[in-house]
Each structure stands twice: as structure tokens, then as C-alpha cells.
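Chemist: So that we are looking at the same thing, I have put the structure below in C-alpha cells.
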């Protein structure tokens, strides 16, 4: 088995990334790559790995979905009582990673997570399908539960309670975070592992761009 794993490799030859291709703004550069990923029909190009650290210094990572892209950062939504939200409350420094294997590209972002406004969370919540709105009420995310029937009973109760309503009230413990980037790295796979890597670093409100060795 170990030998088989060690022999797993691909040579990346689809694209290259040069300094003159980069926009001066990493957010604009991200939009360019994200648009390419979307048009390439990659499944869920907005999927990103969110990495956090709890109060004891223990790291955790999980996949969440990017739901809004703003000039100031990357927005996702969650239960504020979840493990990820508790980690952010203890330490708002986070990292997110996008991997678009089909394009042989990766984007790594380090920054600070801040709650979005109640009004913004409500506006997005009401854009969700009704089933997803109910799901936010049903699940005590990250809490231990005895079995799935607890969720199903609560879901049935809420379906009945709100059967004539399309927009549910926003749960107090549910909303968004915006991750305001301080470092963004664009990685393009290249042949023989000589990948192209460019890092944007925010210094005195200006973005500095460096090429990194692979």
C-alpha cells in the first residue's frame, strides 16, 4: 500500500503563471481565477478549506462554501455556536484554501475573520431555499446528539409550523463571517514540480507581490 501511495503523481502542464499576468490587487486576481474555475464547470468551485485554531492551540480544518466575494474579503455563513465559530471567537486569525485540481491551481489566504452585520446575514438567509432556512433552526451544529431522529422530528415540527411561510426568522445564533485577507498566495502547478507561486502581502495598506520558490 505505501509503495502504491508513493508512486501516485501527476505532472502539471496545463498553465503557467508569470508576474506580468498578475493584477496589482489580489482580490481582482482571485476574481479572474474564480471566474475561470466557474466557466470550466468545476463542481463547487466555491468550496474552500477553512482552518482555525482553538484556545489551546489545537488546529482544525473543514470545508465550507464561499457565499460572497467583496472588495474587503471572503464571506461564509455558519452557526455561531459551531466549533468553527467558537475557534474564531478565541482566535480570529484563520486560513482558507481553494483547490481547483482540474486547473492545477490553488489559492491560499491568511487573514482575520469578523462577523458580518445582522442585516447582511438576514438578507442572505432569506435567499436560501426554505429547507436550508429550516435546517439552520434544526441543527445544533457541532453538539453531540443521540441519533438522527432528533433532527428529523424537529424538522417535521418546523415544516408544519412554517408551512405557509417562505421566509423564516433568522436564528440568533446564525450568521456570516468575512475573512479580511492579509496574505494571499496563488499557486499554479508546473512540470517537474517547478510550480509558479506568487504571494501578495498587505503592508501599510499596500499589496506587495513576491515570487516564491516551489
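Coordinate-derived values only; no laboratory data. Computed from a prediction, not measured in an experiment: that's the story for all the values here. Cβ atoms come from the backbone with ideal geometry, glycine included; neighbour counts cover every protein chain shown.
Chemist: Quote the relative contact order of the chain in percent (integer), defining contacts as alpha-carbon pairs under 8 Å separated by 6+ residues. Write down the numbers at each step before the final one.
Modeler: Numbers: 344 pairs, mean separation 53.4, N = 214.
So the answer I get is 25 percent.
Chemist: At a 10 angstrom cut-off on C-beta neighbours, averaged per residue, how do the peptides 126-139, 74-87 rank from highest to lowest? Present the calculation step by step, with values, prior to reporting the outcome.
Modeler: On the way: 126-139: 15.9, 74-87: 19.6.
Most protected by this proxy first, the peptides run 74-87, 126-139.
Chemist: Please work out the C-alpha center-to-center distance from region 101-144 to region 164-214 and express it in whole Å.
Modeler: Here the answer is 15 Å between Cα centres.
Chemist: How long, wide and thick is the chain, going by the Cα atoms along their three principal axes, in whole angstroms, largest first?
Modeler: 58, 50, 40
Chemist: Additional query: Rounded to a whole number, what is D in µm²/s for region 1-121 from Stokes-Einstein with the Kirkwood radius over alpha-carbon pairs (37 °C, 0.692 mPa s)? Numbers along the way, then the final one.
Modeler: Values: Rh = 16.5 Å.
Stokes-Einstein gives a translational diffusion coefficient of 199 µm²/s.
Chemist: Measure off 7 Å from each Cα along the Cα-to-Cβ vector at residue 119 and residue 67, then give the distance between these two points in nanometres to one decimal.
Modeler: 1.8
Chemist: For residue 130, project a label point 7 Å along Cα to C-beta. Then give me every residue of region 152-187 with its amide nitrogen under 14 Å of that point.
Modeler: 156-169
Chemist: When the Kirkwood radius is taken over all Cα pairs of region 127-169, what Stokes-Einstein diffusion coefficient follows at 25 °C and 0.890 mPa s, in µm²/s? Let's see the in-between values first.
Modeler: Working: Rh = 10.9 Å.
My calculation gives 224 µm²/s for D.
Chemist: Which order do the peptides 203-214, 100-111 take when ranked by the mean count of other beta-carbon atoms within 10 Å per residue, highest first?
Modeler: Details: 203-214: 10.3, 100-111: 18.1.
Averaged packing, sorted descending, gives the order 100-111, 203-214.
Chemist: Per DSSP H run of n ≥ 4, the term is -39500 (n - 2.57); total these for the chain, divide by its residue number, and report the mean residue ellipticity at 222 nm rounded to 500 deg cm²/dmol.
Modeler: Details: 6 runs with 57 residues, N = 214.
Only helices count here, giving -7500 deg cm²/dmol.
Chemist: With a cut-off of 8 Å between alpha carbons and a minimum separation of six or more residues, what is the relative contact order of region 150-214 in percent? Provide the component values of the computation, followed by the final result.
Modeler: Working: 56 pairs, mean separation 12.6, N = 65.
Reported as a whole number, the value is 19 percent.
Chemist: Starting from the Cα of residue 83, move 7 Å in the Cα-to-Cβ direction to define the label point; list residues of region 40-58 whose amide nitrogen is under 18 Å from there.
Modeler: From region 40-58, the list is 48-58.
Chemist: Continuing with this model, one more query. Counting only the backbone N, which residues of region 130-154 are under 20 Å from the spot 7 Å out from the Cα of residue 165 toward its beta-carbon?
Modeler: 130-141, 151-154
Chemist: Given points 7 Å out from each Cα along the Cα-Cβ axis, report the residue 49 to residue 201 separation in nanometres with one decimal.
Modeler: Output for this residue pair reads 2.3 nm.
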